[in-house]
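Coordinate-derived values only; no laboratory data. Just so we're clear, the structure is a prediction, and the values are computed from it rather than from any experiment. Positions of Cβ are generated from backbone atoms using ideal geometry, with glycine treated the same way; all protein chains shown enter the neighbour counts.
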Amino acid sequence: MRALLWKASGWSAVFGSLWIWAVLLGVTAVGLSAGRAAELFTLEDCIRRALESNPEIRGQRYGHEAALQEKIKARAAYWPSLDAQGLYSRFGEPQRVVPAHANNEPGVFDRDLMDTALIGRLVLFEGGRRAAAVRAAELGAERALWDLTATTHDVMLNTASVFYKILQLDQLIRATEGSLHALRAQEKLVRDQLDVGRAAPVDLMKIQVRVSSLTQKLSSLRADRQVLLVFLGRLMGLDVEERPSFDVSGTLEKPRVSWIAQEEALREAMDKRPEKKAAQAAAETAAQAIRAARADHFPQVSAFGRYGLRHGLPYDADDPPGGLSHEDTWAAGLQVDVPLFRGGAVQAGVRQAERLHHRAREQLRAVELEIRKDVEQALTALNDALERTDVTRSAVAVAEETLRIEREKYAAGKNSINDVLDAQAALLQAEVEYSQAVVDARIALMERDRALGRDPGEDLR
């Protein structure tokens, strides 16, 4: 701002005054904007907003709706089709407008011919192709729904993970600020002792180095928090201009866990995981593709009907007495198409569909193996995080007591400033490890629920 005012001083007084007013108004607007309280989102608020606005979820939802329309298209093959057809032709030589219906019948000849008709067609037999297409469309809609469910679970898990990471950074920031405040108090004490000759100058220098280190760490933590807040806004589907107007609100505590045996967890996961259900739908879709490919061996039987009007243009017609210048016609019948030779394409199509079915079944088996791995890892990670939570909580209490003792000893001249700084660093490290263990436990519980096919974090709400 000083640079802008200095630049304005070189202009005329009028423009300089206008510039100063503009700067002051801009600063006022920024101050008012900064003064507005940010909207606080709880974990439930963040998840609800993500379910409504996350672009991945919305995209999968549209994909599911499109798959539902595919079912309608597939079922339409059972209905007759009706088309209106119009044809205009101009010939180099006059042509008979209406075909003769008897010998020596006079005819009308014209170079311009108009033919309009309604044409209906109904497929009666197709070797099971339509039934396979309908079933494949139904399975496609199911698969899209399970893909939507999997994406929803992933977004919920990621949203909650980032939310808890922000809460962890809040704890670390508060702990670092507390350590910094304590160090500055210790710095003041050392300065007073230095004035009366009871402390060495090197003690003050060591504290100042430690204060500088914690100040830099505090700045880094705040920057990391802002990055996570922007990432959380992206997961929630917030527009760029909405992101600065929200913050998170919540507490970070050890979760309550309902335990489940590994074998029971595996059975539940195999029954509920959306990835497995989607893979099963894909395998059955591939089986329906085999049925559709084999239908090419069978004849296709169709019924058809046609009603139309054929006429020429009167101004250019040769119209003898008794000749027909126009005629409405109709026809109906059955059509049978029998495949006799396709150069091996039908057999190749069947073999291709069979190979794709084998591939889909192998992909299903791979998903089952992945589910087993996810469940075992999630249960192990949850057990480890809960144990670390108990251990690190005790470590924090021990570190606090150690720091209190070292401060008293330093005040009595029974130890060095290094002992106090080491105790201070040990307390901060213990607080970091405890908050990390709590976050790991929270996230591990949600990952276990995700591995079991549950709504991630349902035990937390």
*What is the fewest-to-most order of SER325, SER212 by other Cβ atoms lying within 10 Å of their Cβ?*
SER212, SER325
*Alpha-carbon centroids, region 250-274 and region 62-123: separation in whole Å*: 62 Å
*Applying the Karplus parametrisation 6.51 cos²θ - 1.76 cosθ + 1.60 with θ = phi - 60° to the phi angles of region 329-346, what ³J(HN,Hα) value in whole Hz is obtained for each residue in order, glycine and proline being reported as x?*
10, 8, 7, 8, x, 10, 10, 10, 10, 10, x, 9, 8, 10, x, x, 5, 5
*Using +1 at the Cβ of each Lys and Arg and -1 at the Cβ of each Asp and Glu in the chain, identify which of ALA269, GLN171, LEU369 lies farthest towards the dipole's positive end.*
GLN171
*asked:* Please arrange ASP112, ASP224, ASP239 by how many other C-beta atoms lie within 10 Å of their C-beta, fewest to most.
replied: ASP239, ASP224, ASP112
*Want the number for ASN103 to PHE231: 0.36 nm per residue separation, take away the alpha-carbon distance, what's left?*
37.5 nm
_Pair ALA66, GLU362: separation of 7 Å Cα→Cβ label points (nm)_ = 2.8 nm
*asked:* Quick check on region 192-262: take the gyration tensor over C-alpha atoms, sort the square-rooted eigenvalues as a ≥ b ≥ c, and tell me if it's rounded (a/c under 1.5), prolate or oblate.
replied: oblate
*May I ask for the equivalent-ellipsoid semi-axes of the chain, computed as the square root of five times each C-alpha gyration tensor eigenvalue and listed largest first in whole Å?*
79, 37, 15
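Once the piece of chain linking PHE91 and GLN262 is laid out straight, how much longer is it, given 0.36 nm per residue of separation minus the C-alpha distance between them? Working shown, then result.
Details: separation 171, 0.36 × 171 = 61.56 nm, distance 8.20 nm.
My answer for the length gained is 53.4 nm.
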